[in-house]
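The next block holds one structure in the form of structure tokens; read it before the comments.
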Amino acid sequence: MGRKVALIVGSLRKESFNRKLALALQDMAPESLTLTLVEIGALPLYNEDLDNDTPPQAWTVFRQEVNACEGVLFVTPEYNRSVPGVLKNALDVGSRPYGKSVWAKKPAAIASSTPGGLGAFGANHHLRQSMVFLDVPLLQQPEIYLSQINKAFDEQGKLKDDGIRKLLSGFMSAFAAWVDKHASD
Ligand code: FNR
């Protein structure tokens, strides 16, 4: 077993391309990492009024799941040139109560993809903006913005293109080194 890393997908769609991408990344992760899907679809919308001694059970479970990990890998689509609300909600839930954020100092990386032509760059970089405030050491290179992701998988959900596979494999190696580097912080 490698270091445990939370794999968080910004789409709830059953046939989500980003979920397929996340599973492909899970498959090709170096042995030093164990990527575990952490689901965000059942988290009630963040409301400070509920964040008292008995917060919603789903928030507590989510916070525990991320806390148990040594890193986070976000794989996200773009909604209206930004981060899907469901992912932003998960960031907000994990960031509170104040002073107990699950994200702080946790090494992370972002991959974004879209059937469109711009690689979900807008979502990727809006997510980076939140990462700065959340004090997340975020992998800078290589950047992953995948366009035409609808053409990338075969019927079994496997990546068809060797070029993309090579790019992603390099990304995962860099991320594994990044997690290692920050593990002792
Ligand atoms: C989209 N889509 C989209 N795509 C994009 O490249 N830039 C964008 O700003 C948007 N905006 C957007 C808003 C909303 C509300 C939806 C539902 C969709 C299209 C999006 O990339 C496409 O639906 C992907 O298939 C979503 O990712 P998953 O669910 O396949 O992972």
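The values are calculated or read from the model by the stated rules, or taken from the named source; none is laboratory data. Just so it is clear, the model here is predicted, and its values are computed rather than measured. Cβ placement follows ideal geometry from the backbone for every residue including glycine, while neighbour counts extend to all protein chains displayed. To get the accessible areas, we keep the full protein, side chains included, count just its heavy atoms, and leave off ligands, DNA and RNA. Shrake-Rupley method; radii C 1.70, N 1.55, O 1.52, S 1.80 Å.
Under the definition of Cα pairs under 8 Å and six or more residues apart, what whole-number percent is the relative contact order of region 28-132? The value is 29 percent. In this structure region 1-136 gives 49 Å² per residue of accessible area when probed at 1.4 Å with all protein chains present.
Entry note, the chain: relative contact order of 24 percent, from Cα contacts under 8 Å with a spacing of 6+ residues. Positive contributions from Lys and Arg (+1) and negative ones from Asp and Glu (-1), summed over other residues with Cβ under 13 Å from the Cβ of Val83, come out at +1. Legend: distances between Cα atoms for Lys106/Lys158; Lys88/Lys158; Lys105/Lys166; Lys14/Lys151; Lys20/Lys106; Lys100/Lys181; pairs beyond 26 Å are Lys106/Lys158; Lys88/Lys158; Lys105/Lys166. For the Cα atoms of the chain, what angle does the longest principal axis make with the long axis of helix 17-28, in degrees from 0 to 90, nearest 10? Roughly 80 degrees, rounded to the nearest 10. The chymotrypsin sites (Phe, Trp or Tyr not before Pro) of region 79-136 that DSSP puts in a loop, and whose beta carbon has at most 12 other beta carbons within 10 Å, are Tyr98. For the chain, the residue among Pro56, Gly163, Gln141 whose Cα projects farthest onto the positive side of the dipole built from Cβ charges is Gly163. A simple charge model with +1 on the Cβ of Lys and Arg, -1 on the Cβ of Asp and Glu and nothing else charged puts the dipole of the chain at about 320 debye relative to its Cα centre.
Computed from Cα atoms, the angle from the helix 85-95 axis to the main principal axis of the chain rounds to 50 degrees. Under 5 Å between amide hydrogens, built in the peptide plane, is the criterion, and for Leu37 it picks out Leu7 among residues at least 5 positions away or on other chains. Amide hydrogen proximity for Lys4: with H placed 1.01 Å from N in the peptide plane, the residues at 5 or more positions away or on another chain lying under 5 Å are Thr34, Glu70. Simple rule: put +1 on each Lys or Arg Cβ and -1 on each Asp or Glu Cβ in the chain, find the dipole, and look at Gly2, Ala177, Ile40; the Cα lying farthest toward the positive end is Ala177. When the helices of the chain are scored as -39500 (n - 2.57) per DSSP H run of n ≥ 4 and the total is divided over every residue, the value at 222 nm lands at -12000 deg cm²/dmol. Residues whose amide H lies under 5 Å from that of Ile144, counting only those 5 or more places away or on a different chain, are Ser112; hydrogens are built 1.01 Å from N in the peptide plane. Rounded, prolate or oblate: which fits region 81-185, taking a ≥ b ≥ c as square roots of the Cα gyration tensor eigenvalues, rounded meaning a/c under 1.5, else prolate when a/b beats b/c? Verdict is oblate for region 81-185. Note on region 76-125: Cα convex hull, mean projected area over all directions, 3.7 nm².
Give the distance, in whole Å, between the Cα centre of region 76-135 and the Cα centre of region 1-16. So the separation of the two Cα centres works out to 13 Å. For region 144-185, trypsin sites (Lys or Arg not before Pro) meeting the loop criterion (DSSP other than H, G, I, E, B) and having at most 16 other Cβ atoms within 10 Å: Lys158, Lys160. Loop exposure criterion: GluC sites (Glu not before Pro), DSSP state outside H, G, I, E and B, at most 15 other Cβ atoms within 10 Å. Applied to the chain, the longest stretch between such sites is 40-154.
How far is helix 162-183 tilted off the main Cα axis of the chain, in degrees rounded to 10, range 0 to 90? Roughly 30 degrees between the two axes.
Across every direction, the projection of the convex hull enclosing the Cα atoms of region 13-122 has a mean area of 7.8 nm².
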